[in-house]
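Visitor: I'd like to ask some things about the structure below.
The values are calculated or read from the model by the stated rules, or taken from the named source; none is laboratory data. None of the values given here were measured: they were computed from a predicted structure. Glycine also receives a Cβ, built like all others from the backbone with ideal geometry; neighbour counts cover every protein chain displayed. The area values use the complete protein model at the heavy-atom level, side chains included, leaving out ligands, DNA and RNA. Shrake-Rupley method; radii C 1.70, N 1.55, O 1.52, S 1.80 Å.
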Amino acid sequence: ASPATVSRCGMIYVEPTEMGWEPLKRSWMATLPKTLEPHFARLEELFAWLVEPCLRFVRKNCKELVPTSDVNLPVSLMNIFESMIDEFRVSEEEEFVMSDKDQRVFVDSAFAFAVVWSIGGTTDGPGRKKFDDFFRKLVDKRVDEKPERSDYDLGPGVAIAYPENKLAKTLPAASEGSVYDLHFEKEMGRWKNWLKMPTVDTSPLNEKTDFLDIVVTTIDTVRYRFLFDLLVDRGKHVLFAGPTGTGKTVYIQAALDARDKTKFRNIQSTFSAQTNANAVQDIIDSKLDKRRKGVFGPPIGSRAVVFIDDLNMPELEEYGAQPP
């Protein structure tokens, strides 16, 4: 924007590093269901206890496959947590039935799960091992709370605000797997290995399936499919990042193919070095219905899911930007 526009609209630009993620958290909490209001104080404790120490630990001790910002990771945490609280979304006519104890277990466990798969979800294999060890000690209050700690390097000035109460549902022992191997089962209110989920497909492969279409069920296929479905069903954006040949496209394609075609319209585009913005817009517009002049959308009652493959392919322009 030009200086004239800025002066008329009153725009103020603040560096993300100066603003931090706290203002976004306050805005986000104002959008949560009223049934969660009794737990707002606990959510504040969980944010103060877990987010900043985990964020600093990842920055200091782990390697990320794709660089992330200090604002983006807490926002991802909020998206995952928000996607897990459907049980708290009841209309004014409906009665909210969940015991206080179950509510505490639900909130604490869903938040811990969201921390693992947002702040701890962007690291590589060795980084996950480090994060697993740190996170377990942090929730058990076994990390030195003083900024001058010697057990973990979290950077200068990071104090840990331990709440009075630990997590309402403790994590299973490390012998049962890392925190990445565990899934919070909302219906039973307990932590469980991903492969023991009732939705895991254990049926034998169809002999007539083409070799290239075979997907062998592993803990990776189960947990990434769960996270993909969790976020996409609630209108959240998802980015799968990883080395070449690790099955990212296959995971996503299988999840999209399994969706109800009457409720979801799949729009797919693959980027290349020659991809430009107009071509992408034409592909998306061609799969949508024209509702009125300048307004496009999927059929009434359905939603469009846009899947972009090879997002990093467009060629760098003169100044280093990478527009589609």
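Visitor: Starting from the Kirkwood radius over alpha-carbon pairs of the chain, derive D by Stokes-Einstein at 37 °C in a medium of 0.692 mPa s and give it in µm² s⁻¹.
Guide: Reported coefficient: 146 µm²/s.
Visitor: Could you work out what % of the accessible surface of the range 256-319 is carbon and sulfur, using a 1.4 angstrom probe and leaving DNA, RNA and ligands out of the count?
Guide: Its accessible area is 50 percent carbon and sulfur atoms.
Visitor: When you count, for each residue, the other Cβ atoms within 10 Å and take the mean per peptide, how do 191-198, 93-100 rank with the highest first?
Guide: My ranking of the peptides, most packed first, is 191-198, 93-100.
Visitor: Quick one, could you list the DSSP H helices from the chain stretching 15 Å or more along their long axis (Cα atoms) with average Kyte-Doolittle hydropathy of 0.0 or above?
Guide: 72-83, 100-118, 219-232
Visitor: Let me know the whole percent of all Cα-Cα pairs from the range 67-216 that are separated by more than 18 Å.
Guide: 69 percent
Visitor: Points 7 angstrom from Cα along the Cβ direction at Phe40 and Val215: gap in nanometres?
Guide: Label-label distance for Phe40 and Val215, simple model: 4.1 nm.
Visitor: Right, another one. Starting from the amide H of Gln268, placed 1.01 Å from N in the peptide plane, find each other amide H under 5 Å away whose residue is 5 or more places distant or on another chain.
Guide: Here the answer is Phe307, since their amide H atoms fall under 5 Å of that of Gln268.
Visitor: Another question, if that's okay. Enumerate the amide H contacts of Phe296 below 5 Å, restricted to partners 5 or more residues apart or on another chain; note that Pro and chain-start residues carry no placed amide H.
Guide: Arg291
Visitor: Accessible area of the range 1-103 with a 1.4 Å probe: how many percent of it is carbon plus sulfur?
Guide: 54 percent
Visitor: With a 1.4 Å probe and every protein chain left in place, work out the accessible area per residue of the range 116-264 in Å², rounded to a whole number.
Guide: Using a 1.4 Å probe on heavy atoms only, each residue of the range 116-264 averages 59 Å².
Visitor: Moving to a separate point now. How many percent of the accessible area of the range 161-210 is carbon or sulfur, using a 1.4 Å probe?
Guide: C and S fraction of accessible area: 48 percent.
Visitor: Here's another thing I want to ask about it. Once each part is reduced to its C-alpha centroid, what is the distance from the range 67-85 to the range 103-129 in angstrom?
Guide: 10 Å
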